[in-house]
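The values are calculated or read from the model by the stated rules, or taken from the named source; none is laboratory data. Note that this is a predicted model, so its numbers are computed, not measured. Heads up, the Cβs are rebuilt from the backbone with ideal geometry, glycines too, and the neighbour counts pull from every protein chain shown. Only protein heavy atoms, including side chains, enter the accessible area calculation; ligands, DNA and RNA are left aside. Shrake-Rupley method; radii C 1.70, N 1.55, O 1.52, S 1.80 Å.
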Amino acid sequence: MKSKVLAFFLIVFLVLAGCTSSKSKDNSTASSEKKRDSLVVAQASDAGTLDPQKQGKMPDMNILINMFDTLLTRDENNKLAPGLATEWKAIDDTTWQFKLRKDVKFHNGEPFNAEAVKFSIDRLNNPDTKSPIVELKTVKEVVVIDEYTVNLVTSASDPILPNKTVLFGGVMVPPNYIKEKGDDYFAQHPVGTGPYKFVSWQKDHQVVMEANPDYFRGAPKMKKLTFRVIPNLADMVAATKTGEVDIATSLTPDVATQLKSDSNVNVISTPWIRTFYMVIDTTKEGPMAKKEVRQAMNYAVNVKQIIDTVLGGHAQRVATIVPSQNFGVDKSIKPFKYNIEKAKKLLAQAGYPDGFSTEMDANNLDVDIVQAIAAELGKVGIKVKVNLMDGATLTNNIAAKKASPLYYLGNTGWTMDALSNFQSYIKSDRRYNAWKNAEADKLVDIEEQSIDSKTRLDAFSQIQKLLIDESPYLFLYQLDGLYGMSKDVEWKPNVMGVLNMYNASIK
Amino acid sequence: MFSYILRRCIYAIFVLLGVATVAFFIARLTGDPVAIMLPPDATVEQMNHLRAQLGMDKPLVVQYGMFIWDLVHFNMGESIRYGEPTLSLITERLPATLELAGASLIIALIVAIPAGIISAIKRGTWFDRLVMSVVLIGQSMPVFWVGILLILLFSVTWRLLPTGGIGGWEHLIMPAFALGLHMMALITRLLRSSLIEALSSDYIRTARAKGLFPRKVIGKHALRNSLLPVVTIVGLQIGALLGGSVVTEVVFAWPGVGQMIIQAINNRDFALVQTAIILLAGIFVIINLIVDLLYVVIDPRIQYK
């Protein structure tokens with residue numbers, strides 16, 4: 001009897017669950033009608049603070065980029081473009097001059113001028129601000145030349161200072177407002193120059209913004225912009241299907257496939273500048289210290305197949321660790337071609353004809369990818385034990401030099417200059433270095449200190465050739481960004497993955 | 001009675017100090033927040049600088065001493081991620097968590113008490129079997145799975161309720177049900193078995209023999225005697241509700257303390273994790289005290305000196 005009742009309930013449940021796919025398109029018209037002039041964007045976590053100079057995380061930046069502007073920006077082709085500054089040039093080795101727009105006001109009416117630039121950068125670099133943003137640490141002094149001209153004097157030459165002012169190092173904050181109301185108030189009630197004005201913030205739930213009609217590029221098309229926090233991806237997908245959310249962000253390939261079946265949702269895949277690779281710790285004794293072994297590993301993994309199967313095609317193969325859009329990438333350098341025979345030969349040459357055993361660390365969210373890589377390595381006799389952990393633990397282990405000989409890592413070259421990709425990894429005294437090479441050290445010095453772009457390009461090229469030859473990494477791919485968007489929303493994501501919604505509109 | 005409460009309060013202080021100590025050291029075993037806060041291109045000097053600003057350059061014992069000193073002065077520290085006092089961050093989100101836990105408790109009791117009573121009285125009938133089967137399912141399903149199923153049915157398929165977030169009652173109903181389901185099942189089961197036991201005892205036979213109305217027999221004599229274990233479990237379960245809200249809040253995007261704790265752990269935001277744990281432990285201790293005092297009301301034979 002009892003089992004019959006149980007069976008009955010199971011059947012009821014299955015029937016109910018079966019209804020899900022058949023009947024999901026009913027209310028779509030109703031929901032799209034009421035959201036004509038407002039847009040809801042969902043991301044997995046909330047901002048920690050709304051003070052743009054006291055944050056350094058994606059969720060914070062995604063929200064703040066809509067309320068604040070930076071000195072420079074990037075155009076559709078990812079070239080440097082005017083922002084709050086219209087012109088910029090290097091006057092000498094250590095001075096960059098910026099000419100400012102004259103028609104810009106903060107949301108509280110305060111004018112934007114050279115004094116505001118000086119205040120902003122001084123505040124950013126003031127130790128009391130405890131800013132996690134390190135981009136403009138090279139700036140020694142900000143000199144006001146006239147009301148709309150300002151010089152940034154650096155302690156040593158900084159060839160990519162303009163690139164850095166595109167990021168939150170170049171964000172401009174209102175001097176009088178902050179002096180009057182104080183830092184704490186500003187962090188709760190931000191005032192910027194951006195296309196949207198702050199309305200309200202309900203922590204871990206949503207940030208609401210309204211259009212700034214006086215925006216210097218013209219008012220945005222949407223009247224209201226809301227950033228919702230939905231930590232669970234399944235919930236975010238559900239909310240996108242029901243139309244509660246217009247744009248779902250940071251989707252994984254499996255979730256994107258699931259959303260594609262919904263006729264109200266477009267899944268958009270756009271190139272990002274985030275590159276991924278397996279770091280090979282060459283500093284420890286053992287097989288990994290041999291260059292032939294490292295080359296063999298690069299030949300042994302069929303990256304193309306991993307992209308097509310595990311990542312659903314949503315990634316581009318890269319030769320080294322520089323994404324294709326960044327300044328300094330040498331496109332004549334080709335990625336390793338999958339060749340299992342060559343891999344075996346190289347291993348035998350290095351004295352490991354039967355392979356060896358090793359370990360690999362990775363974020364547990366990347367489990368599918370790293371297991372595919374481990375399986376590929378297994379085919380040439382390299383037996384890999386995969387250790388999965390949460391992202392923070394992985395970062396900690398790497399920083400404390402406690403990670404396994406192999407670990408899976410992603411890196412965004414924020415400045416869109418290869419300098420950013422190499423900075424923390426290539427030179428032997430850097431934080432995440434796992435490969436000591438005197439030649440590379442010399443080349444990094446050249447590209448970091450010279451302002452001449454030809455000299456720099458040349459140094460970048462040589463580093464990339466060296467990377468292929470020495471193979472201190474197992475080179476993989478740059479990932480695409482995946483978004484789920486209501487059919488009637490028009491918006492183009494940028495390569496950095498920061499959610500700038502100024503150009504978003506509804507058809 | 002008063003001296004009993006005083007004694008319990010003094011015990012509570014030691015319990016909370018113990019909890020604080022465990023929270024302090026376990027948090028520090030998980031790693032270095034500075035490595036997570038700063039971008040990969042930060043230099044070693046920048047890291048050391050930030051570490052010094054956060055007071056994390058001192059020996060662990062000194063840090064612990066400072067932590068306890070601050071704690072007894074009710075200074076719970078600042079969150080490194082939010083840059084605000086941890087206590088205000090938590091009290092800001094506590095109402096949402098209490099609202100959710102409270103609603104779950106009410107839903108659980110409203111369903112469980114009648115269901116438990118009726119199935120005890122109608123023991124062995126189809127109703128009893130039905131209730132017991134549902135209870136079995138309710139106890140076996142993990143809360144996150146129930147949550148996703150509810151969203152799939154009520155939001156995506158039928159478009160009756162919003163998928164998540166906070167707002168009116170329509171936002172509350174699914175997470176409260178999902179969170180309360182386990183408790184509902186547990187209490188139904190417990191009340192049923194303890195009522196069955198009471199109904200077969202001698203004083204009930206006497207009461208019936210006296211010719212009392214069945215309603216009075218059950219309501220006044222049987223039910224009151226079978227409530228004691230239920231009250232104990234409800235008390236313990238309120239603690240479980242607060243803990244369970246961590247999962248439920250994440251599934252339903254509910255902006256409460258649970259969601260914040262997950263974030264704080266991911267960011268190695270030590271001060272925030274510690275304060276949240278101490279506060280939740282404090283609530284647990286208080287609930288336990290209230291439960292113990294309730295015993296006196298329910299069972300006059302119990303007395304505290």
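Just checking, which of B:303, B:259 is away from chain A (no Cβ under 14 Å) and not hydrophobic (A, V, I, L, M, F, W, C)?
Values: B:259 fails: away from chain A (no Cβ under 14 Å).
Answer to the selection: B:303.
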- [ ] With the checklist (1) within 14 Å of another protein chain (Cβ to nearest Cβ); (2) open to solvent by 70 Å² or more (accessible area, probe 1.4 Å); (3) over 30 Å from residue A:412 (Cβ atoms) in hand, flag the one item residue B:22 doesn't pass.
- [x] (1)
- [ ] Output yes when any residue across the range A:404-418 is within 12 Å of chain B (Cβ to nearest Cβ), surrounded by fewer than 22 Cβ atoms within 10 Å (Cβ to Cβ) and over 14 Å from residue A:275 (Cβ atoms), and no when none is.
- [x] no
Open item on the list: List the residue pairs whose Cβ atoms are under 6 Å apart, where the first residue sits in the range B:122-136 and is surrounded by fewer than 16 Cβ atoms within 10 Å (Cβ to Cβ), the second is not aliphatic (A, V, I, L, M), and the two are 6 or more positions apart or on different chains.
Closed with: B:122/B:128
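Restricted to the range A:459-490, and to residues that are assigned to a loop (DSSP other than H, G, I, E, B) and at pLDDT below 95, which residue is nearest to residue A:266 (Cα to Cα)? Reasoning before the result, please.
The initial filter retains those residues of the range A:459-490 that are assigned to a loop (DSSP other than H, G, I, E, B), namely A:471-472, A:487-488.
If we keep only those that are at pLDDT below 95 too, we end up with A:487-488.
On the way: A:487: 6, A:488: 9 Å.
For the range A:459-490, the residue satisfying everything is A:487.
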Task: strands (runs of 3 or more DSSP E) completely within the range A:70-115 that count 2 or more residues being without any contact (Cβ under 8 Å) to a residue 12 or more places away in the chain - done: A:85-92
- [ ] Of all residues in the range A:371-386, count the ones that are touching a Phe, Trp or Tyr at 6+ places or on another chain (Cβ under 9 Å) and without any contact (Cβ under 8 Å) to a residue 60 or more places away in the chain.
- [x] 2
Task: Set A:213, A:231: member being more than 23 Å from residue B:259 (Cα to Cα), part of a loop (DSSP other than H, G, I, E, B) and of a type outside the set (Asp, Glu) - done: A:213
Task: Which numbered condition residue A:179 misses (of (1) more than 14 Å from chain B (Cβ to nearest Cβ); (2) charged (D, E, K, R); (3) part of a loop (DSSP other than H, G, I, E, B)) - done: (3)
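Within 14 Å of chain B (Cβ to nearest Cβ), surrounded by 15 or more Cβ atoms within 10 Å (Cβ to Cβ) and in contact with a Pro (Cβ under 9 Å, 6 or more places away or on another chain): is that true of residue A:135 in this structure? If you could, list the steps in order and put the result at the bottom.
On the way: within 14 Å of chain B (Cβ to nearest Cβ): yes; surrounded by 15 or more Cβ atoms within 10 Å (Cβ to Cβ): yes; in contact with a Pro (Cβ under 9 Å, 6 or more places away or on another chain): yes.
For residue A:135, the condition - within 14 Å of chain B (Cβ to nearest Cβ), surrounded by 15 or more Cβ atoms within 10 Å (Cβ to Cβ) and in contact with a Pro (Cβ under 9 Å, 6 or more places away or on another chain) - is met.
Within the range A:337-344, is there a residue that is under 11 Å from residue A:297 (Cβ atoms), buried (at least 16 other Cβ atoms within 10 Å of the Cβ) and among the hydroxyl-bearing types (Ser, Thr, Tyr)? Steps first, answer last, please.
The initial filter retains those residues of the range A:337-344 that are under 11 Å from residue A:297 (Cβ atoms), namely A:343.
Pick out the ones that are also buried (at least 16 other Cβ atoms within 10 Å of the Cβ) and you get A:343.
Filter once more, so that each one left must be among the hydroxyl-bearing types (Ser, Thr, Tyr): none.
Scanning the range A:337-344, I find no residue that is under 11 Å from residue A:297 (Cβ atoms), buried (at least 16 other Cβ atoms within 10 Å of the Cβ) and among the hydroxyl-bearing types (Ser, Thr, Tyr), so the answer is no.
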Open item on the list: Consider the range B:59-93. How many of its residues are under 14 Å from residue A:48 (Cβ atoms), in a loop (DSSP other than H, G, I, E, B) and not charged (D, E, K, R)?
Closed with: 4
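Quick one: would you say residue A:122 is out of contact with any Gly (no Cβ under 8 Å at 6 or more places or on another chain), assigned to a helix (DSSP H, G or I) and away from chain B (no Cβ under 11 Å)? Before you say what the answer is, go through the steps one by one.
Working: out of contact with any Gly (no Cβ under 8 Å at 6 or more places or on another chain): yes; assigned to a helix (DSSP H, G or I): yes; away from chain B (no Cβ under 11 Å): yes.
For residue A:122, the condition - out of contact with any Gly (no Cβ under 8 Å at 6 or more places or on another chain), assigned to a helix (DSSP H, G or I) and away from chain B (no Cβ under 11 Å) - is met.
Please work out which residue is most open to solvent (accessible area, probe 1.4 Å), limiting yourself to the range B:246-305 and to residues that are outside any helix (DSSP H, G or I) and modelled with pLDDT under 85. Don't jump to the end; show me each part of the working.
Let us first name the residues in the range B:246-305 that are outside any helix (DSSP H, G or I), namely B:252-256, B:267-269, B:299-305.
Next, from what is left, pick out any that are modelled with pLDDT under 85: B:267, B:299-305.
Numbers: B:267: 20, B:299: 21, B:300: 93, B:301: 191, B:302: 44, B:303: 140, B:304: 48, B:305: 169 Å².
Looking at residues that are outside any helix (DSSP H, G or I) and modelled with pLDDT under 85, I get B:301.
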Task: Per-region count, the range A:234-259, residues open to solvent by 20 Å² or more (accessible area, probe 1.4 Å) and under 23 Å from residue A:306 (Cα atoms) - done: 6
Task: Residues located in the range A:444-474, provided they are without any contact (Cβ under 8 Å) to a residue 24 or more places away in the chain, open to solvent by less than 10 Å² (accessible area, probe 1.4 Å) and not β-branched (Val, Ile, Thr) - done: A:459
Task: Members of the range A:212-233 found to be away from chain B (no Cβ under 14 Å) and surrounded by fewer than 19 Cβ atoms within 10 Å (Cβ to Cβ), listed by number - done: A:213, A:214, A:216, A:217, A:218, A:219, A:221, A:223, A:224
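I'd like to check something: does the range A:114-126 contain any residue that is open to solvent by 10 Å² or more (accessible area, probe 1.4 Å), closer than 30 Å to residue B:48 by Cβ and modelled with pLDDT under 95? First the steps, then the outcome.
Of all residues in the range A:114-126, those open to solvent by 10 Å² or more (accessible area, probe 1.4 Å) come to A:115, A:118-119, A:122-123, A:125-126.
Checking which are closer than 30 Å to residue B:48 by Cβ leaves us with A:118-119, A:122-123, A:125-126.
Cutting the leftovers down to modelled with pLDDT under 95 gives us A:125-126.
Yes, because at least one residue in the range A:114-126 is open to solvent by 10 Å² or more (accessible area, probe 1.4 Å), closer than 30 Å to residue B:48 by Cβ and modelled with pLDDT under 95.
Looking at the structure I just gave you, is residue B:167 modelled with pLDDT under 95 and not in a loop (DSSP other than H, G, I, E, B)? Please lay out each step first, then the result.
Working: modelled with pLDDT under 95: yes; not in a loop (DSSP other than H, G, I, E, B): no.
No.
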- [ ] Evaluate the following for residue A:351: is it under 27 Å from the mean Cα position of the chain (by Cα), assigned to a loop (DSSP other than H, G, I, E, B) and farther than 18 Å from residue A:418 by Cα?
- [x] no
Open item on the list: Looking at the range B:208-228 only, could you name the residues that are farther than 17 Å from residue B:194 by Cα and not in a loop (DSSP other than H, G, I, E, B)?
Closed with: B:208, B:209, B:214, B:215, B:216
- [ ] Considering only residues that are crowded, with 19+ Cβ neighbours inside 10 Å and at pLDDT below 85, look in the range B:56-81 and name the one that is nearest to the other protein chains (Cβ to nearest Cβ).
- [x] B:81
- [ ] Within the range A:190-211, track down each residue that is away from every other protein chain (no Cβ under 14 Å) and not aliphatic (A, V, I, L, M).
- [x] A:192, A:193, A:194, A:195, A:196, A:197, A:198, A:210
